[in-house]
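Derivation of every value follows stated rules applied to the coordinates shown; laboratory data play no part. Here the structure is a predicted model, which is why all the values come from computation and not from measurement. Cβ coordinates were reconstructed from backbone atoms using ideal geometry, including for glycine residues, and neighbour counts include every protein chain displayed.
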Amino acid sequence: MAGQDYDYDYDLFVIGAGSGGVRASRIASSHGARVAVAEEYRVGGTCVIRGCVPKKLLVYGSHFAEELQDAANYGWTVEKMTFDWATLRDAVNKDVDRLNAAYTSTLENNKVERFLERATITGPHSVRLADSGREITAKFILVATGAWPVTPGIKGAEHCITSNEVFHLPELPKKVVIAGAGYIALEFAGIFNALGSHVTVVNRSETLLRGYDEALRDRLLQITMARGIEYKFNCPFEKVVKREDGTLEAWLKNQPEPLVADVILVATGRRPKTDGLGLETAGVELGEGGEIKVDARGQTTCESIYAVGDVTDRVQLTPIAIREGQAFADRVFGGKDTEIDYDCIPSAVFSQPPLASVGLTEGQARNKYGSVKVYSSDFRPMKNVFGHRPERGLYKMVVDAGTDRVLGLHMIGPEAPEILQAAAIAVKAGLTKADFDATVALHPSMAEELVLMK
Ligand code: NDP
């Protein structure tokens, strides 16, 4: 193993036990390194503790509203339909506890020492633990502290919540205002809407889900408006005022009256968590947004310090942090030089209906390749027909006109993320529209639309 050095307390000290930090710790240890990790909150990080996992469980929970409504069409009688937020919330948080314990066991089983306190960097090879004041040395330091929600320029932001608090609400709000129209905003708009809250989404621009294909964004807007979600575009937040009865007023620019809500969720992006980490003591340079600047191998401007995941603000997605953590550990301690390929990363928004995408949008493809062909399928899923819901799915394929290669796939409709993950393999492999056409449809399914696009 490269890097084992008894001049230091550890070969590797990791700050942050989230997706990237845990993977790097475990793999470095499996290569024989002496590893310690510090975590100031809970082992598991954003994805497991207050992000992807509990969010997806809330999405599942909220879906029952639709399923129970449809049940009657299939002959089921549901005597009394009630929903109890506390039951769902507590069950979700119990599962988070289970995962927290599982991640902790993973570290234990891999002989990674854990310090459940904040650590700050005091030099290229040293950190200080906040509670005990203990100074620890390590040959390498890995920063994997992730990112944190921001509430930019909102006066009265202390009355709002972020995605950190949303999983612990004492009760289901009757009225919710959500600031932002990105991933978190649209996912929670769907959850609260399905659970029966009145939802208003407010954004500073007229764009929702910037970066996704326009046709899909339009379809999402149309369906969610029909489901009762209200939107206010081009309305930056000015201030939030708490009334005596505890309700909140959201004052927006260009609007004479405030929106009144029980809960205001701010989902206006996440900033790399680098404040007060002591990075300057080791000469680690930051970018304008507070992100740690790294090279292609995750090395910072200090030779012995590396960074992975959201704190570097490259692609804020869990599977990327995990890959970066693995590649770092394999490279520094396992002698394996793996480059991460950031091309064709599939992504999904767990809105209702969900949206999923891989590769280039039509606009991006036209800019890059000039001549592109677009194929699409605009269909009403069988389940929606039977459920008397007019909502239609939309699949779109962007193809290089010169080579017939599929450059991008974009989908909105039930189960779109599950279907797209498999299709993303074909796009990543560089397959052509003719390859899709040559594949026989699997009938009856929604996924068959992928091979039937005109
Ligand atoms: P997003 O970047 O998705 O969206 C941010 C939203 O806030 C946009 O609508 C943006 O508006 C608006 N906004 C940005 N800056 C400001 C500002 N200064 N003032 C007012 N509004 C602002 O951020 P999220 O917080 O929703 O999510 C953070 C990240 O977490 C995502 O980018 C994603 O990488 C990750 N994530 C991934 C999920 C998934 O994979 N399903 C789920 C949840 C999060 P505009 O577009 O007009 O600039």
Summed side-chain charge close to Arg405 - residues other than Arg405 whose Cβ falls under 11 Å, Lys, Arg +1, Asp, Glu -1: -1
Of Lys56/Lys175; Lys94/Lys253; Lys55/Lys239; Lys94/Lys293; Lys383/Lys428, pairs whose Cα-Cα distance is over 32 Å: Lys94/Lys253; Lys94/Lys293
Contact order normalised by residue count of segment 227-344, Cα under 8 Å, 6+ apart, percent: 12 percent
Nitroxide proxy distance, nm - points 7 Å out along Cα→Cβ at Phe83 and Leu68: 0.8 nm
Karplus 3J(HN,Hα) series, Hz, for segment 18-27 with 6.51 cos²θ - 1.76 cosθ + 1.60 (x for Gly, Pro): x, 4, x, x, 5, 4, 4, 4, 5, 6
Residue-wise HN-Hα coupling along segment 39-52, computed from phi with Karplus coefficients 6.51, -1.76, 1.60 (Hz; x: Gly, Pro): 9, 8, 10, 9, 5, x, x, 4, 4, 7, 8, 8, x, 3
Contour excess over end-to-end distance, with Cα ends at Asp275 and Ala441 and 0.36 nm allotted per residue: 54.5 nm
Distance (nanometres) between label positions extended 7 Å along Cα→Cβ at His198 and Trp76: 3.0 nm
Gained length - Asn93 relative to Val315, 0.36 nm times residue gap less alpha-carbon distance: 77.2 nm
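On a full-extension model of 0.36 nm per residue, what is the gain between Ser376 and Glu165, subtracting their alpha-carbon distance, rounded to one decimal in nm?
72.0 nm
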Dipole moment magnitude, nearest 20 debye, segment 120-226 about Cα centre, only Lys, Arg, Asp, Glu C-beta charged: 160 debye
Under-5 Å amide H pairs with Gly278, H placed in peptide plane, nonlocal only: Ile121
Among 153-165, 192-204, the order from most to least packed when residues are scored by Cβ within 10 Å on average: 192-204, 153-165
